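Take a look at the structure set out below.
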Amino acid sequence: MGEVLVTGATGTVGNRLVELLRDRGDTVRALSRRSGPGLVTGDLTTGEGIEAAVDGVDTIVHLATTNRDDSGIAQTLVDAIGPDRSPHLVLLSIVGIDRNPLPYYRGKLATESVVTASGVPHTILRATQFHSFVASLLDAQRYSPVLVAPSISLQPIDVDDLVGRLIELVDSTPAGRVPDIGGPEVRTFRSLAEAYRTARGSHRPIMPLRLPGATFRAYRTGAALVPGGPTGEQTFEQFLAARDSLVP
Ligand SMILES: NC(=O)c1ccc[n+]([C@@H]2O[C@H](COP(=O)([O-])OP(=O)(O)OC[C@H]3O[C@@H](n4cnc5c(N)ncnc54)[C@H](OP(=O)(O)O)[C@@H]3O)[C@@H](O)[C@H]2O)c1
């Protein structure tokens, strides 16, 4: 197995991916804008350090996100790879980005286009929302007397399950767009809020929320779901139980 560069290596997915790849003996360059033990420093916004980071690697897993339009940082990455190098570029994207006008999603669609147009051998995996992301939406309401639950359904996935799939893709040849992956259950947001409430031992009322507009309609009509697709195994309840067992 050759050398792997992980962008977004300090993030939610990257951190776990780097840990598991290193555990099995892979040589990993973990890209961050920061410097520190085990990190390779580079900034995909300015391009600083990126040529050196990509030089000589066999696989790149691109996970970095600016939480805005990420197509610019993807362009910086493929420009740094250049025409003379052909690592396998694995891009993590998001389910339903072509059915939802959310500006961040439009940027993700543009990011996919940058990769497909680059000529770099690649694999693109779209995933649903992470359990940790859903939990963060509920954690953010901790001082509210009610839990607001949008009237939508999601199919959240555990980061460990997603990382397992990413490792399979690292070990495979470039495949273009591969089947989307979601979590094991399609759940109303309300039922996810109920699970969260139970895990916290809380009795806060859950307030449904419906909003006008195309973004909300996209979620309501299943744009964030993976019907019949491959799924992870960990449920939201299992995620919450594992997370809460870590809280001192
Ligand atoms: N959240 C979800 O539910 C969800 C669902 C499906 C797909 N995704 C996608 O999965 C990917 C990974 O998400 P995540 O939640 O793991 O990300 P995250 O935790 O938000 O971490 C973002 C990462 O991007 C890096 N980064 C940001 N700006 C950078 C720059 N200019 N140059 C280099 N690195 C930069 C950060 O590194 P430093 O700060 O150390 O530089 C950090 O490691 C993203 O593309 C996201 O869109 C997310």
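Bear in mind these aren't lab numbers, they're just calculated from the coordinates by the rules spelled out. All figures in this text were calculated on a predicted structure; none of them were measured in a lab. Every residue, glycine among them, receives a Cβ derived from its backbone with ideal geometry; neighbour counts consider all protein chains shown.
Count, please, the residues in the stretch 130-143 that happen to be within 12 Å of the ligand (Cβ to nearest atom) and either buried (at least 21 other Cβ atoms within 10 Å of the Cβ) or farther than 19 Å from Val13 by Cβ (or both). Outline the logic, then answer.
Just the residues of the stretch 130-143 that are within 12 Å of the ligand (Cβ to nearest atom), to begin with: 130-137.
So of that shortlist, the ones also either buried (at least 21 other Cβ atoms within 10 Å of the Cβ) or farther than 19 Å from Val13 by Cβ (or both) come out as 131, 134.
Count: 2.
Checking Thr235 against (1) at negative phi; (2) surrounded by fewer than 16 Cβ atoms within 10 Å (Cβ to Cβ), only one condition comes out false. Which one?
(2)
Test of understanding: among Val146, Val170, Val163, which residue is surrounded by fewer than 12 Cβ atoms within 10 Å (Cβ to Cβ) and of a type in the set (Val, Ile, Thr)?
Matching residue, one of Val146, Val170, Val163: Val146.
If you go through the stretch 173-184, how many residues are surrounded by fewer than 17 Cβ atoms within 10 Å (Cβ to Cβ) and under 24 Å from Ala140 (Cβ atoms)?
Here the count works out to 0.
If I go through the stretch 153-208 residue by residue, how many of them are under 18 Å from Asp244 (Cα atoms) and not in a loop (DSSP other than H, G, I, E, B)?
Total satisfying the criteria: 12.
Return the residues of the stretch 11-45 that are assigned to a helix (DSSP H, G or I) and free of Cβ contacts under 8 Å to residues at least 60 places away in the same chain; say none if nothing qualifies.
Hits for the stretch 11-45 are Gly14, Asn15, Val18, Glu19, Arg22, Asp23.
Output the residues belonging to the stretch 70-107 that are in a loop (DSSP other than H, G, I, E, B) and either within 11 Å of the ligand (Cβ to nearest atom) or over 28 Å from Leu154 (Cα atoms) (or both).
First, pick out the residues of the stretch 70-107 that are in a loop (DSSP other than H, G, I, E, B): 70, 82-87, 95-102.
Matches in the stretch 70-107: Asp70, Gly82, Pro83, Asp84, Arg85, Ser86, Pro87, Val95, Gly96, Ile97.
For Val115, are the conditions met, namely being touching a residue at least 24 places away in the same chain (Cβ under 8 Å), among the β-branched types (Val, Ile, Thr), at negative phi and in contact with a His (Cβ under 7 Å, 6 or more places away or on another chain)?
Yes.
Out of the residues in the stretch 18-46 that are near the ligand (Cβ under 9 Å from one of its atoms) and of a type in the set (S, T, N, Q), state the one that is surrounded by the fewest Cβ atoms within 10 Å (Cβ to Cβ).
Looking at the filtered set, the residue picked out is Thr46.
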